[in-house]
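S.K.: After the structure tokens below, expect a handful of questions from me.
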Amino acid sequence: MKLLLGGQSKCDKECASIVNTIKSITLYLFLSLPLHAQDFSDTTRADWVPLFNKVNLDGWIPKVNGYEAGVNHQNTWIVKDSLLVTDYADYEGDYKQRFGHMGYEERTFSYFMLRVQYQFFGELYKGGPNYGKFNSGIMWHSESVTEMGVDQAFPNSIETQLLGPGNIFNDGYTATLCTVEQLTSVVIDGERQSICNKGTQEIPIDGLEWVTVELLVLGDSLGMHIVEGNVAMVFTDFEFEDGTPRSEGYISIQSEAQPIKFKTIEIMLLEGCMDQAANNYRKRFIKNLPESCDYTAPVLRGVDVRDQIEVRSLVEQFSIYNPGTEKQDIKVFNLQGTLVTSLSLAPGATNLVEKDLHTGVYHMLVKSLKGDYHKRFLVQ
């Protein structure tokens, strides 16, 4: 796969190694790829932030063509059985191009990994466009839905299309790209294009079962679609019509006359504090946001040798096992900096710590002959 346009690309420095080495992305460890020599070894399940809370639509603003932003026309989006559902049960009459987009409006995103789990159901609503059958999408680097005109059908954005079997564009495949209304161009295989329903690797999906699609985005330099852990598409160098780099924006989900439900919509940030002295430093960060650095909680740093200590956790107790060959002195803190417990473990020893731990992330400071290091673990 060629990524260079005329031998040069903004992707060279940040992401060329990704395309050459990516094999798969697992559910919780995500990414075995050297992002700019980035390290995901300190990433936990808690680093995935849910955009959909499975309870209500907090943080989201609906926008349906022909109506003001904030109006959830005929209950286009509802939460049912902990799923975010796009449905048309309350609609009357023909569809009449009532395209909708519900935007997550808490903040914009630039460097991130987005994961969705979706499943189509039911039939295309009457009067819906034929291309809408088993068709929805995730809009990103988007304008806010609050900025859209009343009669604006689609936000100015880039779309990762979510498709199902029977869709006229990609029958049996998903995760194609659409530069909405050709207001954006990207580079694919060395060629700058403004396209819709474009894919490069067809990854078959199994009927109408749950499908996991992940989207890796690095500012304006790289986009990658992953379907069930397999790379489906890579594109680079996003630009507006005037050549201005397109590097951030809001995220929204699309309503296009086909019922769909989402089990998961979650995001992992790839930008943040890159100062190792800060509490919220993460090795995976690619873009530095120095203003986000947090120095208030205990700073646990040093050589990271996570494989030397294993944590097996439950809400009311957890065990710590030392598989190494030397004694380990360990202290565990919560995120508020309070010492939860301290202990010493001989080689091969296991200690069961009975503590009433709340669900959350904890710090472990380990002192050994090899130096100090830290580990974060999740109690859930």
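The values are calculated or read from the model by the stated rules, or taken from the named source; none is laboratory data. A quick note: this is a predicted structure, and the numbers were derived from the prediction, not measured. Neighbour counts run over all protein chains shown; Cβ positions are idealised from the backbone, glycine included. Keep in mind that these areas ignore ligands, DNA and RNA; they rest on the heavy atoms of the full protein, side chains included. Shrake-Rupley method; radii C 1.70, N 1.55, O 1.52, S 1.80 Å.
S.K.: Is it true that residue 105 is out of contact with any Ser or Thr (no Cβ under 7 Å at 6 or more places or on another chain) and at pLDDT 95 or above?
M.R.: no
S.K.: Can residue 133 be described as among the basic types (Lys, Arg), out of contact with any Lys or Arg (no Cβ under 8 Å at 6 or more places or on another chain) and more than 25 Å from residue 263 (Cβ to Cβ)?
M.R.: Spelling it out, it is not the case that residue 133 is among the basic types (Lys, Arg), out of contact with any Lys or Arg (no Cβ under 8 Å at 6 or more places or on another chain) and more than 25 Å from residue 263 (Cβ to Cβ).
S.K.: Pairs needed: first member in region 121-145, farther than 30 Å from residue 110 by Cα; second member anywhere, open to solvent by 30 Å² or more (accessible area, probe 1.4 Å) and among the β-branched types (Val, Ile, Thr); C-beta distance under 9 Å; at least 6 residues apart or different chains.
M.R.: 130/168; 133/168
S.K.: Can you find, within region 142-168, the residue that is most open to solvent (accessible area, probe 1.4 Å) among those that are closer than 17 Å to residue 253 by Cα and charged (D, E, K, R)?
M.R.: Once the filter is applied, the top-ranked residue is 147.
S.K.: Follow-up. Can you pull out the residues in region 185-197 that are closer than 16 Å to residue 234 by Cβ, in contact with a strand residue (DSSP E or B) (Cβ under 8 Å, 6 or more places away or on another chain) and in contact (Cβ under 8 Å) with a residue 24 or more places away in the chain? Break it down stepwise before answering.
M.R.: First, the residues of region 185-197 that are closer than 16 Å to residue 234 by Cβ: 185-193, 195.
Still in the running and in contact with a strand residue (DSSP E or B) (Cβ under 8 Å, 6 or more places away or on another chain): 185-188, 190-193, 195.
Within region 185-197, 185, 186, 187, 188, 190, 191, 192 meet the criteria.
S.K.: Suppose we filter region 248-284 for residues that are aromatic (Phe, Trp, Tyr) and free of Cβ contacts under 8 Å to residues at least 40 places away in the same chain; how many remain?
M.R.: Residues that pass the stated criteria total 1.
S.K.: Working carefully through the options 171, 189, find the one that is open to solvent by 40 Å² or more (accessible area, probe 1.4 Å), farther than 18 Å from residue 216 by Cα and not polar (S, T, N, Q).
M.R.: That would be 171, the only listed residue that is open to solvent by 40 Å² or more (accessible area, probe 1.4 Å), farther than 18 Å from residue 216 by Cα and not polar (S, T, N, Q).
S.K.: When residue 202 is evaluated against the numbered criteria (1) assigned to a loop (DSSP other than H, G, I, E, B); (2) out of contact with any Phe, Trp or Tyr (no Cβ under 8 Å at 6 or more places or on another chain), which criterion, by number, is the only one it fails?
M.R.: All conditions pass for residue 202, except number (2).
S.K.: Here's something else I'd like to know. Can you run down the residue pairs with Cβ atoms below 6 Å, 6 or more apart or on separate chains, where the first is in region 49-60 and without any contact (Cβ under 8 Å) to a residue 60 or more places away in the chain and the partner is assigned to a strand (DSSP E or B) and among the acidic types (Asp, Glu)?
M.R.: 59/106
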